[in-house]
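Data block below; observations after.
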Amino acid sequence: MGKKIEQRDTARVEAVLQLIRQQTPLTLKQEKFCNYGCVERVLKAKGDNVKRAAKQLKACLSWRDNIGIEHLIADEFSAELADGLAYVAGHDDESRPVMIFQMKQDYQKLRSQKQFIRLLVFTMEVAISTMPKNVDQFVMLFDASFYRTASAFMNLFLAALKIVGEYYPGRLHKAFVIDPPSLFAYLWKGVKAFVDVSAMTMIVSSLDYEESLEFNDFTSYPRAASLRFDESTAKIGPCTSSRFAFTVSHHNFDSLKPWYLSFSDTSSSKVGPTSPASLGPARISPLNARSFSFASPAARKTLFSTPLPQRVTGGDKKVTARTPRPSFLQSPAMFFNRKSERGEKSRESFKAYLKFYRRPYDEMIYRSKMRPPLGGLISIVSHNIRRRHVSLSQRY
């Protein structure tokens with residue numbers, strides 16, 4: 001029975017290729033692209049309809065020729081690679097490549113839609129080139145936290161899904177949208193019925209994983225390993241200045257955020273009066289602080305988030321002051337924290353890819369994944385190596 005099914009599938013693949021060859025002969029590169037796995041994925045996407053599959057594959061070949069996929073190289077996207085806007089972060093447990101896209105809202109003002117599509121296609125081609133023989137799918141992570149409006153991200157996101165659905169059928173395993181703007185959930189609910197790959201798309205919030213910081217993959221990235229907290233060389237105790245106090249905890253070392261920031265100034269130099277009759281020690285606020293970029297995410301969150309409930313004493317009774325309810329558009333994650341079966345499924349599915357999202361970007365590691373000719377002509381040379389000036393007389 002299995003042999004008959006295999007023979008029937010092979011016959012359908014040959015029928016699709018025969019229909020395409022009847023219209024125009026295929027070049028050597030097109031023949032290489034239209035292998036058994038490619039035609040089989042197109043057939044599956046078109047419900048095993050030979051004519052529809054042949055039409056789709058023909059349109060795919062024409063699109064690849066128009067966009068010039070064979071001529072895409074890394075030199076065209078030097079700025080994007082330096083900023084880490086789109087890259088292959090690694091492979092999951094099933095050896096599927098994981099791509100991360102983290103464009104900012106200003107990207108569409110500086111680049112055209114055609115340039116974004118070329119960057120998207122280049123990243124997918126790099127991911128496909130890193131696939132083992134038994135793997136034919138990839139995973140896409142879209143970081144939408146840099147976008148302020150849902151419509152701007154929706155335009156970019158739908159363009160990406162259209163390219164994946166029409167010209168890379170059967171390639172997408174899962175696509176995650178991380179921290180989108182507040183109204184994106186409602187816009188997506190209205191348009192997902194018209195998107196072919198909507199069933200593989202999930203919306204998640206990074207706030208759901210704040211407590212799961214057990215991430216120990218920094219050692220595989222040399223540049224990021226130096227940023228990791230070292231317990232053996234750490235100096236335990238406070239460190240103060242005229243504007244803030246920085247303290248390392250005496251116990252419960254956390255290799256990611258073992259510090260906390262105090263607003264009280266404990267140093268001898270105060271900003272303001274320091275006499276006993278004064279109002280007390282100087283305090284800092286988010287308005288007069290120099291920088292909180294060194295603080296941990298939890299410390300930065302406490303600076304500008306809704307205050308915690310405080311106990312208000314009224315006579316002998318202790319009344320707990322209620323935390324003010326957040327406004328309708330305050331938190332983008334409020335729409336995804338609802339207890340639902342689909343939401344729980346999305347959160348569980350994203351756990352396997354959380355480490356790729358939190359892993360620091362390294363351009364050298366990403367470029368090492370590029371096979372010729374995708375890698376281009378530019379090679380990364382260490383800044384410590386300086387080329388000596390050689391005169392014309394010394395060159396020969």
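The values are calculated or read from the model by the stated rules, or taken from the named source; none is laboratory data. The shown structure was predicted, so the numbers you read here are calculated from the model rather than taken from an experiment. Please note: Cβ atoms are built from the backbone with ideal geometry, for glycine as well, and neighbour counts cover all protein chains shown. Just so you know, the surface numbers come from the protein's heavy atoms only, side chains and all, with ligands and any DNA or RNA stripped out. Shrake-Rupley method; radii C 1.70, N 1.55, O 1.52, S 1.80 Å.
Worth a mention:
- Scanning the range 42-65 for residues that are of a type in the set (Lys, Arg), part of a helix (DSSP H, G or I) and open to solvent by 40 Å² or more (accessible area, probe 1.4 Å) returns 44, 51, 52, 55, 58.
- In the range 66-113, residue nearest to residue 363 (Cα to Cα) [restricted to those that are surrounded by 19 or more Cβ atoms within 10 Å (Cβ to Cβ) and in contact with a Gly (Cβ under 6 Å, 6 or more places away or on another chain)]: 74
- Failed criterion for residue 20 (all others in (1) under 23 Å from residue 134 (Cα atoms); (2) modelled with pLDDT of 90 or more hold): (1)
- Residue 148 vs. criteria buried (at least 16 other Cβ atoms within 10 Å of the Cβ) and either of a type in the set (Asp, Glu) or not assigned by the TED database to the domain that holds residue 62 (or both): no
- If the condition is being loosely packed, with under 11 Cβ neighbours inside 10 Å and either among the basic types (Lys, Arg) or more than 38 Å from the chain's Cα centre (by Cα) (or both), then the range 12-36 contributes 22, 23, 25, 32.
Here is a yes/no grid of residues against (1) outside any helix (DSSP H, G or I); (2) open to solvent by less than 40 Å² (accessible area, probe 1.4 Å); (3) modelled with pLDDT under 50; (4) closer than 22 Å to residue 94 by Cβ:
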position: 348; (1), (2), (3), (4): no, no, no, yes
position: 356; (1), (2), (3), (4): no, yes, no, yes
position: 367; (1), (2), (3), (4): no, yes, no, no
position: 372; (1), (2), (3), (4): yes, no, no, no
position: 376; (1), (2), (3), (4): yes, yes, no, no
position: 383; (1), (2), (3), (4): yes, no, yes, no
position: 390; (1), (2), (3), (4): yes, no, yes, no
position: 394; (1), (2), (3), (4): no, no, yes, no
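- Cβ-Cβ under 7 Å pairs, at least 6 apart or on other chains, the range 14-42 side assigned by the TED database to the domain that holds residue 172 and under 12 Å from residue 58 (Cα atoms), far side open to solvent by 80 Å² or more (accessible area, probe 1.4 Å) and part of a helix (DSSP H, G or I): none
- One residue alone among 172, 187, 156 is buried (at least 17 other Cβ atoms within 10 Å of the Cβ) and more than 17 Å from the chain's Cα centre (by Cα), and that residue is 187.
- Tally, over the range 70-121, of residues that are within 14 Å of the chain's Cα centre (by Cα) and without any contact (Cβ under 8 Å) to a residue 24 or more places away in the chain: 1
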